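The values are calculated or read from the model by the stated rules, or taken from the named source; none is laboratory data. Please read these numbers as outputs of a predicted model, since none were measured by experiment. Cβ coordinates were reconstructed from backbone atoms using ideal geometry, including for glycine residues, and neighbour counts include every protein chain displayed. Remember, those area values only see protein heavy atoms, side chains included, never the ligands or the DNA or RNA. Shrake-Rupley method; radii C 1.70, N 1.55, O 1.52, S 1.80 Å.
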Amino acid sequence: MSNGRERFSKLGFILAAVGSAVGLGNVWRFSYVAGDSGGAAFLLIYILCIFLVGLPVLLAEFSIGRKGQQDVVGSFNAISPQKPWAIGGFLGVASAFLILSFYGVIAGWVVYFLYSYVTGATGNVGTGEYGDFFGAFIGGAAGPVFWQVLFMIFVVAIVFSGVKKGIELSNKIFMPLLAVILIFLAGYSLTLDGAGEGLTFLFTPDWSAFAQPGVYAAAIGQAFFTLSLGMGAMITYASYLPKDTNLPSAAGTVVTFDTLFAIVAGLVIFPAVFTFGLEPGAGPGLIFITLPEVFNQMGGTGTLFGILFFFLVAIAALSSAISLLEVSVAYAMRKFNWTRRFSAVVVGAVVTLFGIPSALSQGGPLSEFTIFGLPFLDAVDTLTDKYFLPLGGLVIALFVGWGWNKVDALKETGLTNSALGTAWIWFLRIVAPLGIAVILLLNILG
């Protein structure tokens, strides 16, 4: 089963797992959700969710993957044969497939903006006109699909190249590059006039926001989305791990870097937004309309800022998209006995085709077609974010907490006879499931 299976190096795994976690969720999604949900209050609840629910579930995913040594469905079946727990694996494959279908579309928008800044096309956009510029692009037919397909070709090419030569190598380049660009942009942003206001928004809580249930639902949803939980990515990646890797340390490292990345991205975005008197709760348009307006008002440095920022977001999106595709590719390789290369091309093509309705739903030819009143992209996003990911996380927590032999679970994580191990098991048995169940209920009722 594990003979001949490709392996990450220890550093390669950490960088790949951080790459999976660090993506559009940290820059695009974190910024607009934080802006919508009151800034500092959301940040505090989000960090709480990350450590109380995210970290225990992430460690659970690592332990399932390394023990199972297979794709996400195969790992559940290897540990607990002929039991219904594999539903957690199927939820993971479905979530990764569906998320990648619209993720590729939004990443395509990012690449288009990067191209526009590099070629100087944004030089013709006047102040206050970025809403029209963005609207005209996503409202087209050929443009959004072309850039989505182009992005997906890069994703497929990396997964096609394998665990070592594709996924690990790309993340060894991407992650240090991301860190350097992000720190540079944050440093510059903190010199702007609105830096104080931006820092206040991000770090001084409005205590009344803690009484709003929606902030908690948003925070745990963001925690799952940004850590790639419930979508099979971390189980799949952990299946390529050497047996001597320290799982608790790896999980702690991933959570820390992911959270820091989101906070530093906030330091890039909010000082700039407040400097030019724009709206932090601008929603999903924050990085496609609000920030380009900021760059436009910076003069010459704005173009450089725009190029670096959209390059940063494109790389972050690519590292996460790779992990999402790998979930379905690993499943197809085992299920149909396909080669990696054949699986990468076929699965990549199917995901891309399924994403085309999302690409055409944001003002384009399919904008009138709705599911439960939502455009196609928003419907798929809502289904995965509010239901599939929490459900997948719930199954994982219950499986490791109750379904898997406690001795074996603790042995796999190296936490046998430790207070930390006992606390982890009880968090997975009680705290995480209760937290996830409450959020699921809020999402259903909301």
Roll a 1.4 Å probe over the protein chains and send me the accessible area per residue for the chain in Å². 37 Å²
Give the distance, in whole Å, between the Cα centre of the range 279-334 and the Cα centre of the range 94-115. 10 Å
Per 5 Å bin, what is the whole-percent P(r) computed from every C-alpha pair distance within the range 121-176? 4, 15, 15, 14, 12, 12, 14, 9, 4, 0
Report the one residue of S239, I181, W207 whose Cα lies farthest in the direction of the positive end of the charge dipole of the range 106-244 (charges on C-beta: Lys and Arg +1, Asp and Glu -1; origin at the Cα centre). S239
I need the peptides 305-314, 148-157 ranked by packing, meaning the mean over residues of other C-beta atoms within 10 angstrom, with the highest value on top. 305-314, 148-157
Counting only protein heavy atoms and using a 1.4 Å probe, what share of the accessible area of the chain belongs to carbon plus sulfur, as a whole percent? 68 percent
Rg from C-alpha atoms of the range 187-275, normalised by the globular rule of thumb 2.2 N^0.38 Å, equals 1.42
Computed magnitude of the charge dipole of the chain (debye, nearest 20; Cβ of K, R +1, Cβ of D, E -1): 1920 debye
In units of 2.2 N^0.38 Å, the Cα radius of gyration of the range 369-446 is 1.44
Could you check the spin-label model distance between K164 and V125? Points 7 Å from the Cα along Cα→Cβ, value in nm. 4.4 nm
Compute and list, largest first, the equivalent-ellipsoid semi-axes of the range 45-131 from the alpha carbon gyration tensor, each √(5λ) rounded to a whole angstrom. 42, 17, 11
Calculated FRET value between R341 and I371, using beta carbons and R₀ = 25 Å, to 0.05: 0.15
Quick check: convex hull over the Cα atoms of the range 287-446, volume per residue in Å³, rounded to an integer? 215 Å³
Work out from phi, with θ = phi - 60° and the Karplus expression 6.51 cos²θ - 1.76 cosθ + 1.60, the ³J(HN,Hα) of each residue of the range 431-446, listed in order in whole Hz, and give x for Gly and Pro. 5, 4, x, 5, x, 5, 4, 4, 5, 4, 4, 4, 5, 5, 6, x
19 Å Cα-Cα threshold exceeded, pairs from K67/K411; K10/K172; K172/K243: K172/K243
Would you please calculate the Kirkwood hydrodynamic radius of the chain over all C-alpha pairs and express it in Å, rounded to one decimal? 21.9 Å
Just to be sure I understand: if I project the alpha-carbon convex hull of the range 36-83 onto a plane and average over all orientations, what area do I get in nm²? 4.6 nm²
In square nanometres, what is the average projected area of the Cα convex hull of the range 219-258? 3.0 nm²
For the range 208-326, what does the equivalent ellipsoid look like in terms of its semi-axes, each the square root of 5 times an eigenvalue of the Cα gyration tensor, given largest first in whole Å? 32, 20, 13
Stretched fully, the stretch from D206 through K172 gains (0.36 nm per residue minus C-alpha distance, one decimal, in nm) 8.3 nm
Descending Cα extents along the principal axes, the range 302-389, whole Å: 47, 40, 25
Give, in whole angstrom and from largest to smallest, the semi-axes √(5λ) of the equivalent ellipsoid of the range 1-110, with λ running over the eigenvalues of the Cα gyration tensor. 29, 17, 16
